[in-house]
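Readers should treat all values here as calculations from the given coordinates under stated rules, not as data from a laboratory. If you're wondering where the values come from, they're calculated on a predicted model, not measured in any experiment. Reconstructed Cβ throughout: ideal geometry from the backbone, glycine too, with neighbour counts over all protein chains shown.
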Amino acid sequence: MASLVTGGAGYIGSHTAVALHETGRDVVVIDNFSNSGPKAVDALRVLTTPDLAFVEADLLDSDAVRRVFRDHDIDEVIHFAACKAVGESVAKPLDYYRNNLGSTIGLVEAMAEYEVSRLVFSSSCTVYGQPDEIPVTEAAPTGAESPYGWTKYMSEQILTDAAAALPLDAVLLRYFNPVGAHPSGTIGEDPNGIPNNLVPFVMQVAIGRMEKVRVFGTDYDTPDGSGVRDYIHVMDLAEAHVAALDALASGLSGAVPINIGTGVGSSVLEVIKAASDAVGAEIPFEVVDRRPGDIAKTWAATDYAAEVLGWRATRDLNEMLRDHWRWQSQNPNGFE
């Protein structure tokens with residue numbers, strides 16, 4: 001029996017594949033390299049096993065997906081594969097709806113055909129839109145601010161309805177801001193083009209690929225005026241996915257949304273300071289105007305994850321930035 005990781009050559013998927021391997025599971029990875037590449041698989045095999053099963057295919061190719069289930073005796077699935085850039089989703093909404101919703105539907109159809117009932121879905125705190133209360137609990141109103149966010153929201157609804165009609169149980173992990181890298185520096189975040197997220201941008205400034213960090217506003221109602229977010233180490237996040245599979249194997253049923261974060265907010269300026277400490281040099285930044293749609297602060301309520309999954313994050317911001325810098329400094333141009 002094997003664990004299937006869709007999008008397993010990507011940032012979070014690859015770290016989760018390592019965490020699964022470390023539990024003794026057989027792991028099968030499927031990826032179309034839309035946001036990764038073959039060298040990511042090579043690095044993943046260094047940390048797991050040289051014969052790690054990998055299939056290059058698109059989840060929209062239903063025949064290819066069914067071949068994976070037929071050939072590898074899959075009994076549980078973690079679903080990461082998706083387009084994920086918020087800005088790009090605004091420019092290309094139909095691409096995002098077609099890919100992210102179509103891949104989820106096709107995957108669940110294949111699972112039903114091959115009688116695989118356990119699924120962990122990579123959701124996002126974007127399903128909360130602009131939250132009214134902090135910390136954000138799983139009971140908070142849901143919605144979205146972008147086509148990307150709506151694909152996560154709609155995918156959750158698809159899986160909730162499918163769980164009511166099929167032999168399917170799903171954990172919907174709504175995670176906040178993943179950062180960091182495997183402590184070996186072998187795998188890490190390697191975004192295509194200019195990074196969309198703060199920490200990879202900060203690290204590319206530190207390595208000399210970018211000139212300086214732009215801080216979008218320091219006039220928010222926060223301790224230092226800059227935006228506050230809940231950052232979580234990617235290895236903590238990977239371990240949460242393993243805990244979710246274990247909970248499903250132990251009888252957790254239905255479609256269960258669970259926040260994954262640290263429960264601690266860190267500001268943009270605090271992140272830059274922690275990154276400077278990790279790098280050992282000041283990272284240049286400039287303050288610019290706020291971006292439309294940005295919120296002042298948000299972080300997760302994490303008690304439900306502890307209750308249902310027996311999981312809590314253990315790594316702090318400094319460890320996140322040290323591990324991220326180790327990856328970036330050892331791989332200044334990413335996997336290439």
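Odds and ends about this structure:
- Pairwise centroid distance, computed over Cα atoms, of segment 158-186 with segment 22-70, Å: 17 Å
- Look at the alpha carbon pairs under 8 Å that are at least 6 residues apart: their mean separation over the length of the chain gives a relative contact order of 20 percent.
- Summed side-chain charge close to residue 212 - residues other than residue 212 whose Cβ falls under 14 Å, Lys, Arg +1, Asp, Glu -1: -1
- The HN-Hα couplings worked out from phi for segment 105-122 by the Karplus form 6.51 cos²θ - 1.76 cosθ + 1.60 (θ = phi - 60°) are 4, x, 5, 5, 4, 5, 4, 5, 4, 9, 6, 9, 10, 9, 9, 10, 9, 7 Hz, whole numbers, x standing for Gly and Pro.
- Under Karplus coefficients 6.51, -1.76 and 1.60, residue-wise ³J(HN,Hα) of segment 232-249 in Hz, glycine/proline x: 10, 5, 4, 6, 4, 4, 4, 5, 5, 5, 5, 4, 5, 4, 4, 5, 5, 5
- For segment 274-336 and segment 87-142, distance of Cα centres in Å: 23 Å
- Each of 38, 275, 168 was scored by the projection of its Cα onto the charge dipole of the chain, and the greatest displacement toward the positive side belongs to 275; charges sit on the C-beta of Lys, Arg, Asp and Glu.
- Pairs spanning more than 25 Å between alpha-carbon atoms, out of 39/297; 212/297; 152/297; 92/273; 39/92; 39/84: 39/297; 92/273; 39/92.
- Rounded to the nearest 20 debye, dipole of the chain from Cβ charges on Lys, Arg, Asp, Glu: 520 debye
- Peptides ranked, highest mean first, by Cβ atoms within 10 Å: ranges 219-227, 160-168, 236-244, 70-78: 236-244, 70-78, 219-227, 160-168
- If only the Cβ of Lys and Arg carry +1 and only the Cβ of Asp and Glu carry -1, the dipole of segment 18-114 around its Cα centre is close to 320 debye.
- Close amide H contacts of residue 26 (hydrogens built in the peptide plane, cut-off under 5 Å, sequence separation of 5 or more or a different chain): 3.
- For segment 69-78, 3J(HN,Hα) per residue [Karplus equation, 6.51 cos²θ - 1.76 cosθ + 1.60, θ = phi - 60°, Hz, x = Gly/Pro]: 5, 5, 8, 10, 6, 6, 10, 7, 9, 10
- Ranked by how many other beta carbons lie within 10 Å on average, peptides 9-18, 107-116 from highest: 9-18, 107-116
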